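The values are calculated or read from the model by the stated rules, or taken from the named source; none is laboratory data. No experiment lies behind these values; they were computed from the predicted model shown. Glycine gets a Cβ as well: all are built from the backbone with ideal geometry, and neighbour counts include every protein chain shown. We work out accessible area using only protein heavy atoms, side chains counted, and drop any ligands, DNA or RNA first. Shrake-Rupley method; radii C 1.70, N 1.55, O 1.52, S 1.80 Å.
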Amino acid sequence: MKNLQVLYNSLEYYLTGLAYIAAAILVGLIVKLLLFRLLNLYNRTDNPYLVKLLTKHLSKPFSLFLPLLCVSILLPSLSYSPGTLQGLKRLTEILDIIVFAWILIKFTDVGRDLVRQKYAIEKEDNIRERRLITQLQFMRKLMVVIIIFLATALILLSFEPVQKLGTGLLTSAGVAGVVIGFAAQTSIANLLAGLQLAFTQPIRLDDVLVVENEFGRVEEITLTYVVLRIWDNRRLILPLNYFIQKPFQNWTRTGSDILATVYLYTDYTLPIEPLRKEFDRILALTQLWDKRVSVLQVTDSKERTMELRALMSAHSSGVAWDLRCYVREHLIDFIQKNYPESLPKTRSVFVGDHLSPLAELS
């Protein structure tokens, strides 16, 4: 009977403590619910973008942070044994560190969305915006890695055996650093290349590149690689240090406007001036041309054909591609209808009834 009484008292002792902890968690959830309900009401009336982002990104982490905060405040007043109380404190400290790191990461999301809203990348002339967002994206990812690293270090250092181990590790840190450096030299090289790309910016988000004979736009820049979206929606993945070590073409390095070229190869009998007038007429009929540059010239005279180059301007690389196709199609159509005899042809020269040994193919 006495043993049952002791067991009952012990059970009541722990259940009372658990009830207090549950009450503290409930209070934290109620505070979070009221806080974010007020923010949502404020959003409906005024809808400031910052408050909207805070509500969106911080709702989930605060659902854990506020209850843990209430439990941390309550723990010193519980009448548990020192060992149990110490274990609960250690657990709440670890959870507090994890949730606080989560909140810091979410704050980086808030900052990213604020910058993206202020500096819209969707407009035509977006060089300044792409430069800033490229730097912001790389620095945010680096900050997330640092936050996770520090949070992990704080959790490990909260354990006494790890603290004692740290003193011994300091003496071998130099050797360990050398070993890790050799083992992770590719990753470190990519990280350093990422820092260089973020601030010198040979490439930026949404830049138009020609890499490995592939034409595409920079879709994503991570801490270790770049994702290039090819014109047919394939993705080309390249390490960051590729753009430091190898040549590539950047069509939007200093501006989004670009010159488009079309090459035609015709017979020498084609009159140039009518074709030049037709070229000007074709450009005047399309909105793809931005009215800055319009030139048609004979750029080479080969053994069998002459080379014509049509040069025109467009306000972006995508439009320049469409403009090239449009002009090429209409110029070929004009030559076919008006000067079909001036298309490239094969000639044979006959002397009497025999093919001349000087016969020439063109």
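Residues that are part of a loop (DSSP other than H, G, I, E, B), crowded, with 18+ Cβ neighbours inside 10 Å and modelled with pLDDT of 80 or more: does segment 214-231 have at least one? Checked against the condition, which is being part of a loop (DSSP other than H, G, I, E, B), crowded, with 18+ Cβ neighbours inside 10 Å and modelled with pLDDT of 80 or more, segment 214-231 yields no hits at all. You will find that of LEU285, LEU323, LEU308, the residue that is closer than 30 Å to ARG217 by Cα and exposed (fewer than 13 other Cβ atoms within 10 Å of the Cβ) is LEU285 and no other. Mind listing just one residue for me: the one in segment 283-321 that is assigned to a loop (DSSP other than H, G, I, E, B) and among the basic types (Lys, Arg) and, of those, farthest from ALA260 (Cα to Cα)? So, considering only residues that are assigned to a loop (DSSP other than H, G, I, E, B) and among the basic types (Lys, Arg), the one farthest from ALA260 (Cα to Cα) is ARG304. Each residue in segment 196-213 was checked for being surrounded by fewer than 20 Cβ atoms within 10 Å (Cβ to Cβ) and part of a loop (DSSP other than H, G, I, E, B), and 5 pass. Looking only at segment 232-246, count every residue that is β-branched (Val, Ile, Thr) and part of a strand (DSSP E or B) and tell me the total. Number satisfying all stated conditions: 1.
Could you tell me whether LEU270 is farther than 26 Å from LEU228 by Cβ, of a type outside the set (Val, Ile, Thr) and touching a Ser or Thr at 6+ places or on another chain (Cβ under 6 Å)? For LEU270, the condition - farther than 26 Å from LEU228 by Cβ, of a type outside the set (Val, Ile, Thr) and touching a Ser or Thr at 6+ places or on another chain (Cβ under 6 Å) - is met.
Looking at SER301, SER294, SER313, can you tell me which residue is of a type in the set (Ser, Thr, Tyr), open to solvent by less than 80 Å² (accessible area, probe 1.4 Å) and under 33 Å from the mean Cα position of the chain (by Cα)?
Numbers: SER301 fails: under 33 Å from the mean Cα position of the chain (by Cα); SER294 fails: under 33 Å from the mean Cα position of the chain (by Cα).
On inspection, the qualifying residue turns out to be SER313.
Out of all the residues in segment 330-344, is one or more under 21 Å from GLU273 (Cα atoms), in a strand (DSSP E or B), in contact (Cβ under 8 Å) with a residue 24 or more places away in the chain and touching a strand residue (DSSP E or B) at 6+ places or on another chain (Cβ under 9 Å)? Break it down into steps so the answer makes sense when it comes.
Of all residues in segment 330-344, those under 21 Å from GLU273 (Cα atoms) come to 330-344.
Okay, now just the ones that are also in a strand (DSSP E or B), so none.
No: zero hits.
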